[in-house]
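Working notes, structure below.
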Amino acid sequence: MFFGFHIRTNPQNLQYFLNPEIIGYLKDHEPIGCRDRHTMNLLRQQGVEAFFSACLTLTFPKREHPPEEGKVFLVDTGEIPLPTEIRKNSVKLTHLVSSLYGDDLKTSMAKKLLEIYKNHASLVITTRIHCALPCLAMGIPVIFFGDPDDPRISLLQDLKVPIYPYKRKPRGPYKMRYFRKLLGYLRLGRVNWHPEVPDLEALKAEMRRTITDLIERKMHSL
């Protein structure tokens, strides 16, 4: 991760990502920070100097105290069968915005969302990794639903945050398998509806040191 490089892969862009031209470009700007270890290993296999950087949103400052009358925020939870007491008085939000919105507007909206979570959220339930990570950094309890086998969200497992099985758009024979698996978690009471917030302060400090060291290393090489 240097001068803006922060990489993660998915099955859709993998072939493009491993294109020799792209690999050459990354080598010109190495070392490359990777949000997940899967991507880090892919780059190393291609001869790129890469390291596990996690996500920079994890360095967001922790809020000083939780709100006195906080709300539960449901962020892109789809049809997840949440308990009635969770849905009651909850706030539904989405991180999906129109492609017609310009970058300045989207940046402004993102900042406002982060401010809302920081000041008003007592709990966030989401399927969005880029909702979960900044909320965790700010000290907000998070319940995350997703595919535990998806390397793009494996960072949560490194943070000891459970990933409860859920597939946003299941297809074919997988549909009932994922639905039954999710219902099994709910019926067995295996979802912790009162999660603790992991202590990320040591990780934040380590990430900041890494960034500082990289900048100093680059400056000395100029």
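The values are calculated or read from the model by the stated rules, or taken from the named source; none is laboratory data. Please read all numbers here as calculations on a predicted model, not as lab measurements. With ideal geometry, Cβ positions are generated from the backbone for all residues, glycine too; neighbour counts draw on all protein chains shown.
Structure above, values below:
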item: Residues of the stretch 108-144 that turn out to be more than 13 Å from the chain's Cα centre (by Cα), hydroxyl-bearing (Ser, Thr, Tyr) and surrounded by 16 or more Cβ atoms within 10 Å (Cβ to Cβ), as a count; result: 1
item: Conditions (1) of a type outside the set (D, E, K, R); (2) free of Cβ contacts under 8 Å to residues at least 24 places away in the same chain; (3) under 30 Å from Gly24 (Cβ atoms); number of the one not met by Tyr101; result: (3)
item: Matching option when the condition is crowded, with 16+ Cβ neighbours inside 10 Å, touching a Lys or Arg at 6+ places or on another chain (Cβ under 7 Å), within 26 Å of Val142 (Cβ to Cβ) and not acidic (Asp, Glu), among Leu56, Leu74, Leu82; result: Leu74
item: Residue match in the stretch 92-107 (condition: of a type in the set (S, T, N, Q), at pLDDT below 90 and exposed (fewer than 14 other Cβ atoms within 10 Å of the Cβ)); result: yes
item: Residue count, the stretch 97-132 (criterion: in contact with a Lys or Arg (Cβ under 9 Å, 6 or more places away or on another chain) and of a type in the set (A, V, I, L, M)); result: 4
item: Single match in Arg63, Arg35 (criterion: of a type outside the set (Asp, Glu) and not assigned by TED's automatic domain parsing to the domain that holds Gln157); result: Arg35
item: Any hit, the stretch 67-77, residues being β-branched (Val, Ile, Thr), in the same structural domain as Ile163 (by TED's automatic domain parsing) and more than 20 Å from the chain's Cα centre (by Cα); result: no
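Condition check ((1) closer than 20 Å to Ser122 by Cβ; (2) at pLDDT 90 or above) across all residues:
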| site | (1), (2) |
| --- | --- |
| Ile153 | no, yes |
| Val161 | yes, yes |
| Lys169 | no, no |
| Tyr174 | no, no |
| Lys181 | no, no |
| Asn192 | yes, yes |
| Glu196 | yes, yes |
| Ala202 | no, yes |
